[in-house]
Every structure is written in structure tokens, then in C-alpha cells.
Amino acid sequence: FAAACRDAGLIFIGPTPDAIALMGSKTAARAAAIRAGAPVVPGTEQPLTVEVSDAQVAELATAIGYPVMVKAVAGGGGRGMRPVTRPEELDAALATCAREAAAAFGDGALYLERLVPRARHVEVQLVGDGTGAVVHLHTRECSLQRRRQKLIEIAPAPHLAGELRDEMTAAAV
């Protein structure tokens, strides 16, 4: 839609088509966040491909540190995601996630991230004017979830301390 608006000479109020495409791949979005200096949890930088052996994936998971989360590169909504707490669970989680991601998104590519137990899901929404000026619209608490799919958002995030909130919003901007 954003590209169709641009092509028709209209101004789309929202992300650029390039930004939307970038965010469609979690590994590409992760790489962009790293390039921008944003903090990220340890994880694989590239999608796990068929060229990566089971032994290499196991080594990556060990290097990241258990527990890890196997995640689909595409899509969202908690699909193609499984927590792995022990090395012997990894192969089954990879197979399940790849099948689920391929069925849901047409792409079975996966990657690994360190799982942060009892983490809070807090989002920061940004707006910019296209000239480089960007501001945040504070925080949203999205931790009330079922199967890693948010159910309720509360704004601002009520349990986020002032200093941490300031750090997070500054990193987002």
C-alpha cells in the first residue's frame, strides 16, 4: 500500500516501502538495529539455511546460551516460535518451527535468539517528518500474551522505571 501511494504521487503517513520491506525479515531488521547501535539480545545474524549443519546450529545455540528461542524470520503473531531450554530439544523445535513458518508465511527460514525468561514486552512507537526529525510516543506494555501473541496493550508501560524508560525511548529514536 505504501508503495502504491508513492507510485501514485500520494504521501503515505507511515513507514516507507523500504522500511516495511526491511521489517518483514526479522534478521534484516535485527541487522539494521545493530548497525544503528540499538541494543539487541544475543542471536544469529543470518537465517539458518540448509547449508548450516545440525552440529553448527547446536554450536550456535550453545554460543548464544540456553535458553534460546527458535524464531521464524518472516511473519509474526507468535507463529514459528519455540523456546528451547536444553540442547536435546533443539532439533525438534527447529523442525516444528520450520514447518509452521512455511505453512503460515510461505517461508520456513529460522534464526535463534537468547530467550529472556520473564521478559516484559514493551514497545516504543516513533513518528518522523521525513527530514530526520523523530520523536517517540512513549511506551506500550504488551506483556499480556497468549502463545507469544499480545492480547492487550497498556500505554504508557506502567511498570517501567523512569531511567530505563528514558534509555529505551532514546535508543528507539
Legend entry - Among the residues listed as Thr62, Thr44, Thr49, Thr85, the single one being among the polar types (S, T, N, Q), touching a residue at least 40 places away in the same chain (Cβ under 8 Å) and out of contact with any strand residue (DSSP E or B) (no Cβ under 7 Å at 6 or more places or on another chain): Thr49
Legend entry - Elements of type strands (runs of 3 or more DSSP E) contained in segment 42-148, each with 1 or more residues being more than 16 Å from the chain's Cα centre (by Cα) and crowded, with 16+ Cβ neighbours inside 10 Å: 82-84, 134-146
Legend entry - In segment 149-173, the residues that are open to solvent by 90 Å² or more (accessible area, probe 1.4 Å), modelled with pLDDT of 90 or more and more than 27 Å from Thr16 (Cα to Cα): Glu163
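The values are calculated or read from the model by the stated rules, or taken from the named source; none is laboratory data. Keep in mind it's a predicted model, so treat the numbers as computed, not measured. We place every Cβ from the backbone using ideal geometry, glycine too, and count neighbours over all the protein chains shown. To get the accessible areas, we keep the full protein, side chains included, count just its heavy atoms, and leave off ligands, DNA and RNA. Shrake-Rupley method; radii C 1.70, N 1.55, O 1.52, S 1.80 Å.
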